[in-house]
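A.B. asks: Structure incoming, see below.
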Amino acid sequence: MQKKIFTFIFTLLFSSVIYAESAADTLTTLLLNINTMQASFSQVVKDKSAKSLQQSQGTIALQRPGKFRWDVKKPNPQLIIANGARIWIYDPDLQQVTIRAFTKSTGQTPAFLLSDKNLTLSKDFVVELAKNPSQIANQQIYLLTPKEKDSMFALIKLTFLNKQIRQMQLEDHLGHVTTVAFNNIKTGVTIPESVFTFTPSPKDDVIDETKK
């Protein structure tokens, strides 16, 4: 009897591992199929009681590997640009730009998963394919739980419809949830290199952390 119970538990655990690896592999394929992308987005930040703290709208452009432009248009404009080597964070109201070396740790934005070339999902996350409560046809929801304890996010949820990314949901360790919904999505488009570069104006205050 004990042998049968052990065999059942071992089979269950082994099946879970295979399922997790399969989900990670499938998600990796979906993400890597996004070579270039342009879209508009709406972003909502809520606290753990589901109270809305912040809302914003803007546009995104990305190109693998490591290039993205995250342009918040309203209500408070902000621009984040990465070219694979550097990342610029620009606040037009303050006329201030911060320049950082682009690494995985400094590039923890929703755009990073969509633009990184060397995805190691099974190494960095526990990946699960969530059940679809809304039963929307051809919709897949992936849950990513970071393995690193000091990760910026406690949980990342990616929603695909017809194999196209439609929503990212990021939960931090305080229970704040940021939901980013993509619209007017265009993939496989040619994007000029100028989109992923930033030149400060003479009036801008430049904080260049790459020189430290």
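Read the figures in this text as sums done on the coordinates, not as results from a lab. Everything numeric here is computed off the predicted structure, so don't read it as measured data. Note that each Cβ is placed from the backbone with ideal geometry, even for glycine, and that neighbours are counted across all protein chains shown.
A.B. asks: Kirkwood hydrodynamic radius, the stretch 2-211, all distinct C-alpha pairs: what's the number in Å?
C.D. replies: So the Kirkwood estimate lands at 18.7 Å.
A.B. asks: Further question: Rounded to whole Hz and in sequence order, give me ³J(HN,Hα) for the stretch 163-175 from the Karplus expression 6.51 cos²θ - 1.76 cosθ + 1.60, θ = phi - 60°, writing x for Gly and Pro.
C.D. replies: Computed from phi, the couplings for the stretch 163-175 are 6, 10, 5, 10, 7, 10, 10, 10, 10, 8, 7, 9, x Hz.
A.B. asks: When we measure straight from the Cα of residue 67, which aspartates and glutamates land under 18 angstrom away, once same-chain ones fewer than 8 places off are left out?
C.D. replies: 116, 193
A.B. asks: Express in nm, to one decimal, how much length is gained between residue 148 and residue 181 on full extension, taking 0.36 nm for each residue of separation and deducting their alpha carbon distance.
C.D. replies: 9.3 nm
A.B. asks: Could you check the simple spin-label distance between residue 174 and residue 120, using points 7 Å along Cα→Cβ, in nm with one decimal?
C.D. replies: Each label point is offset 7 Å from its Cα along the Cβ direction, giving 3.0 nm.
A.B. asks: Given an 8 Å cut-off on Cα distances and at least 6 residues of separation, report the relative contact order of the stretch 2-211 as a percent. Don't skip to the end; give the middle numbers.
C.D. replies: Values: 412 pairs, mean separation 49.3, N = 210.
Worked out over the stretch 2-211, it gives 23 percent.
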